[in-house]
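The values are calculated or read from the model by the stated rules, or taken from the named source; none is laboratory data. Source: prediction; values computed, not measured. When we count neighbours, we look across all protein chains shown, and the Cβ atoms used for this are built from the backbone with ideal geometry, even at glycine.
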Amino acid sequence: MEQVVQNGPKLPKSDIGYLTSNEDRKNEYYATESHIYKQGPLSGVNAGLHKLSNDIFTYFPKGFQGSKNSDFYEYLSLGMVPYIIGSALLIALYSAANKHYNLADKASSAKVAKTMGAGVVLYGLGKWLFKKITHSAIKGSTGIDLDMRYINKVNELPEHGHQKGLVREQYPGVYDSATFFRSDLLAADGEINHGNVYHWDDKITQKAGFETKLYAPNQIANEKTRKVLARIKALENVGKYIFAATGVALGSQEAFENVGKVFTKYAKKYVTKRVTFFDPDNLEKMKTLDVRVPKFKKLSKLSLKTLTSPFEALGKAFVQLWKGDKKNLITKYYGKALILSCAISAFLTWLIPTIGFKRNPNTIKTKIDENKKYEVC
Amino acid sequence: MTNISPLLISQLNKNQINVTNGTQNNPKNNSGTQGGIKNNTQNNNYHEQIYQNLKRTANTVKPNQPKAKLVNEGMLGNPITATKDTFKDAKNFFKITATGKASDTDLGRINNLGLKTGALIIATFLASRAKTKTDAIMQFVGGGAFLAAMSLWPKLFINIPARLVHGFRIDRKYISAQGEKKDFGLDNQFLVWDAYPEEQLRKDAKRAGIDYDAKNGKEKIQRKIQKTMLQNRTLWMATAGFATPLATALFGNFVQPHIKDLVVKADFNRAKKALEKNPINEQIKNCKPIVRNEKEIEKLIKNSNGVLDDDFFKQLAQLLNPTDVIANSENRVTLEKYNSQNLINTLKEIQQRKVKIDTDSLKELLKDAKITSGLMGEEISTLSQDDINIIISTFKTDSSERNLIKLLQQNDLGDDEIKRILNGVKKDNGEFFETIKEFNKNIISDLRGKIKKYIDLADTVFASKAESMYTNEYEKSMKSLFDFLGFKRKLSKEPTLQELLEDKTMQASLYGIMNNDERYAQAAFRNAIEAKLGDAKYGSEKYNSIIKKLLEFKGQNKKELDKFFEIFSDLENISLIKPQEGEQNIEIKKLINAIMGSKSANSSLNATSSCSNISNVIKSFIDSKKIDLESGKIKAALVTNFETRLKDGSLSNLSPEQINFARKILYSTTISDALTYTNASHKQNYWDVMDCILKDENNFRAEKEIMPEFSEITKKLHVASEHLDNPKEEYLRCSSFSASLKKYATTLFNSKTWLRKFGIMAIILVAVTLLIQPLFGNIKKEFSNESKGGNK
């Protein structure tokens, strides 16, 4: 028997007229209701930038004024700011005072600052990379798109002295909460855009091994997504830090000590310089001497190597981390252990949620056992 | 179909309203038994009866008690509960992965767990790559300080000031109805006021100046608490990014020197314990002797009959060394060339136990050193027998170059010729000395292998690595010296060297010392000391007080160092060679001197010590190191001593050149190569100056009162200056004073600039967070338009 779909009245009739097209009705609906929007590869970046700009200009002022309209989403998005400031300050602690040091100290402290900076940047990149890998793997094997976002329309209360409250937009994720993920929005999106309320649920049940479409796939899909979400969030919150630690370890290798600006040409010129020094025989007097000294003039052409030098350094650092130092046992094998543990953690975060995902036809019993007693309530 | 609650059913049953099935007659009108109600009059009052029942019992039905409750925790938190929570998080992690059931708070808390494991992994990795032990420990200290700062910053600088300013706490925690521990004010739009007991609200209202019993009193206090919580949370988010890195950096900066002290002490104690388990005397007793069997040597010489083959030398070498040093044919040739006759003679003497040296043997000695070939051949023959005897005697017993040169000078030999002699001796014996270097090296490596624990202990104290007691002491003494002198970090107008030399009252800054050469450092030190001394003369009270301060600048490891020197002074007189009767040691010493020449090529060993006696070797090594360490401490005192005596006029016999020379020696020891080898008159100058400065004990009577060992040290320095091939290396070996001044000034400048920059940032941050607190929690505007009195 085929799946029977009963769509609900998600597109109410508008006051414009009964000949209004579905497009217009949809746009009217989208203007006031929370909904899932069409997403591309850059939607995560867009949401992040939206959060950041709103942090500085709206969420912080709202928080400092103590308005009633600050909610949990704003609090969580404020958490970006100390992360960015802290990373920048960690780098600055190693590099800002360097300009006062003498040449030798400057050179050695610049190396430390570069490794530190590389470590900080690769920390964030490691976390991001882990999320990308695991989410795409989970999407492939379970059909759950963990990066899906929706537009949340928040009708705020009017502030003191105002008549009307504003309507703000937020970009939370559909699967942010493990227990209360937005299955209602998925159903609405299915109905509006795909003509089938169970559109997203069917994808999940298909991956779970049901060959034909079910009558009420949302029951099975909700149950399965809840389990998958709980497991992957727990594993993600531990595994991303292993990637981040590997990033820091990569950043501390020698390859990053010499990353910097690369110029195309140096021009050598000789310049006479007047040097004063003391006379060893007559220590109170000073002698002067004119000396020809080479003057290196850097031409201001930055070569393409400045863009590629960080990536080259990354590759070299990878090799250095793998090889390790022969100083003692730990330095020899720690790099290898880190890289292998990265791979293992990524593999496990994919494996554990997907183990119990597929249904096993043998576990479902269709026959009643006559000898067993059943309770009817 | 409406849901009928069990409550209503029970009420219905009580009033005995019978509900029965439909009867046979099924009339359509309302009268009769339709619906199962028997009494016809009750049909219309069906709903009314229900209403009456509810009205009677409504007041007895109340909502359930709230299950959420506040947690009674202090403002600074409890480390025990914190550790318990982390264990719970770990347990939850495994539970969630196994069962797939989780709540959002549990998942959020697992993020903290991940952060801590990540920090631990990073710390262990960076610690394994660290070059010193203090660096390795500081990784863990830094990681721990980072995590502690993340949790302590809001507690100390936001929650406590808020409590003091407003009167109520903003960091309450509660346990929800589902059993999870949460922050009370985490979500601004979901505050569980059921968990907040009324007594607490009354107390808070009273402290905040709000009348709870008035109209809107409860709402006011609740709104105030909500508002302050929100505002402080945003403040936390704004300042956390600045606070945690700054706090970790400043804490690490403060803690590092103390950790270094602990590491140095631990190393020392460990080496000492290892040595106490295996004392040195037992180790040495089990060593193999160098000369295995003298009888075999005698047999070999007998059987050779004067024929010196390759085989002869090979066998001789094997008998003399534990390792096959002189196996190379080229080295054998040098041995043959330069000292074959000498060797054979001395061996013969050992055989015959006779000690006799004639002019012939001296001539041959010089001949072996190729001094006759075109350099001095004729002149030797003009020396008289007495002169030659004197030369022999001095050359034999006291092989100091100084006396030899004096003798040769007395014989009217010019500088050039003396130079040629010395160069000839050194050059032609150069190749030979290299073989002997190998010989020495092998002995020393043999020794080091056998007495490794001994050497380890010495290394922990004296090695020039970053974590030895020696460098630690030195750095501390320099630190206290700089604190005493009081240089400023940077001046608006930096003085030049000429200004410092002309105007004795001008003071330099650290920036100036850092960027200029060593003469600037000398002048800066001089001016600083003169500012302290003023017009004080040598021996006056002011001078004594300053010298006392300078000599008391030492580290905190004096006890350990004294113990160390005690250990080394307890050596027995043990030799590697098997002891025989009588004066065997002298013969062996002669033998080795014959092989090695009159001086050893390894300058760290004392020239006149023989390798046969380990205790002498070690003693001389330790003595030289002791001089290093102690001379490092008293350099500042020596320099002040010199300068004051100069001012007083007691050093008037020195010419201005000699004064400059003396300054150079004391401050920098950068005597150019031209002075060391070629120019004997300069050398004479050097020794005269050193005599003038260091020889007379009366010059140090003030210092002796404070530090009794002062005169001994100066004596040792004076003696050391005589046995010199290269005064640059030997005298005041632990780096020149002015170089160390410059080096320490750079480190001090760097650390001060860093602290200035980030200390100011930290102070501004703390000031802003504390000063903004009273501006929070203002609810006057929101409740400004409430009516006072009027209708309720």
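How many residues does the stretch B:221-238 hold that are more than 8 Å from chain A (Cβ to nearest Cβ) and either within 20 Å of B:F758 (Cα to Cα) or among the polar types (S, T, N, Q) (or both)? Residues meeting the conditions: 3. The number of residues in the stretch B:152-187 being within 14 Å of chain A (Cβ to nearest Cβ) and part of a loop (DSSP other than H, G, I, E, B) comes to 8. Kindly indicate whether A:K326 is part of a loop (DSSP other than H, G, I, E, B), without any contact (Cβ under 8 Å) to a residue 60 or more places away in the chain and under 16 Å from A:E254 (Cα atoms). Considered against the rule, which asks whether it is part of a loop (DSSP other than H, G, I, E, B), without any contact (Cβ under 8 Å) to a residue 60 or more places away in the chain and under 16 Å from A:E254 (Cα atoms), A:K326 comes out as yes.
This table checks each residue for (1) under 20 Å from B:E643 (Cα atoms); (2) at pLDDT below 75.
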| residue | (1), (2) |
| --- | --- |
| B:Q684 | no, yes |
| B:D688 | yes, yes |
| B:D696 | yes, yes |
| B:A702 | yes, no |
| B:M707 | yes, yes |
| B:I713 | yes, yes |
| B:V719 | no, yes |
| B:E722 | no, yes |
| B:N726 | no, yes |
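Please enumerate the residues belonging to the stretch A:135-165 that are of a type outside the set (D, E, K, R), outside any strand (DSSP E or B) and free of Cβ contacts under 8 Å to residues at least 40 places away in the same chain. If the condition is that a residue be of a type outside the set (D, E, K, R), outside any strand (DSSP E or B) and free of Cβ contacts under 8 Å to residues at least 40 places away in the same chain, then A:H135, A:S136, A:G140, A:P158, A:H160, A:G161, A:H162, A:Q163 are the ones that fit. Scanning the stretch B:92-107 for residues that are under 26 Å from A:I339 (Cα atoms) and more than 8 Å from chain A (Cβ to nearest Cβ) yields B:F94, B:A98. Taking the criterion of being within 15 Å of B:A247 (Cα to Cα) and either more than 8 Å from chain B (Cβ to nearest Cβ) or touching a residue at least 24 places away in the same chain (Cβ under 8 Å) (or both), the residues of the stretch A:89-103 that qualify are A:L90, A:I91, A:A92, A:Y94.
Here B:F190 passes the criteria (1) surrounded by 15 or more Cβ atoms within 10 Å (Cβ to Cβ); (2) facing another protein chain (nearest Cβ under 10 Å); (3) free of Cβ contacts under 8 Å to residues at least 12 places away in the same chain except the one numbered (1). Just so you know, in the stretch B:57-84 the residues that are outside any loop (DSSP other than H, G, I, E, B) and surrounded by 15 or more Cβ atoms within 10 Å (Cβ to Cβ) include one that is nearest to the chain's Cα centre (by Cα), and it is B:L70. Reported count of residues in the stretch B:108-165, each being surrounded by fewer than 18 Cβ atoms within 10 Å (Cβ to Cβ), touching a residue at least 60 places away in the same chain (Cβ under 8 Å) and of a type in the set (G, A, S), is 1. Screening A:F318 against (1) away from chain B (no Cβ under 14 Å); (2) at pLDDT below 85 leaves a single unmet condition, (2). What do you reckon, is A:G324 under 30 Å from B:I121 (Cα atoms), within 14 Å of chain B (Cβ to nearest Cβ) and at pLDDT 80 or above? So A:G324 fits the description; yes. Answer with yes or no whether A:N258 is among the polar types (S, T, N, Q) and within 10 Å of chain B (Cβ to nearest Cβ). Judged against the criteria, A:N258 is not a match. Taking the listed residues A:K62, A:K106, A:K127, A:K132, the one that is within 13 Å of another protein chain (Cβ to nearest Cβ) and without any contact (Cβ under 8 Å) to a residue 12 or more places away in the chain is A:K106, with no other qualifying.
When each of B:A102, B:A136, B:A130 is tested for being aliphatic (A, V, I, L, M) and part of a helix (DSSP H, G or I), the lone residue that passes is B:A136. Taking the numbered list (1) among the polar types (S, T, N, Q); (2) within 30 Å of B:P245 (Cβ to Cβ); (3) in a helix (DSSP H, G or I) in turn, B:Q200 passes all entries but (2). Scanning the stretch A:329-358 for residues being under 17 Å from B:T97 (Cβ atoms) and not in a helix (DSSP H, G or I) gives a total of 2. A single member of B:K227, B:K260, B:K215 is in contact (Cβ under 8 Å) with a residue 12 or more places away in the chain, of a type in the set (D, E, K, R) and within 20 Å of B:I170 (Cα to Cα), and it is B:K227.
Put simply, of A:K269, A:K227 the only residue that is away from chain B (no Cβ under 13 Å), over 30 Å from A:S95 (Cβ atoms), surrounded by fewer than 23 Cβ atoms within 10 Å (Cβ to Cβ) and not aliphatic (A, V, I, L, M) is A:K269.
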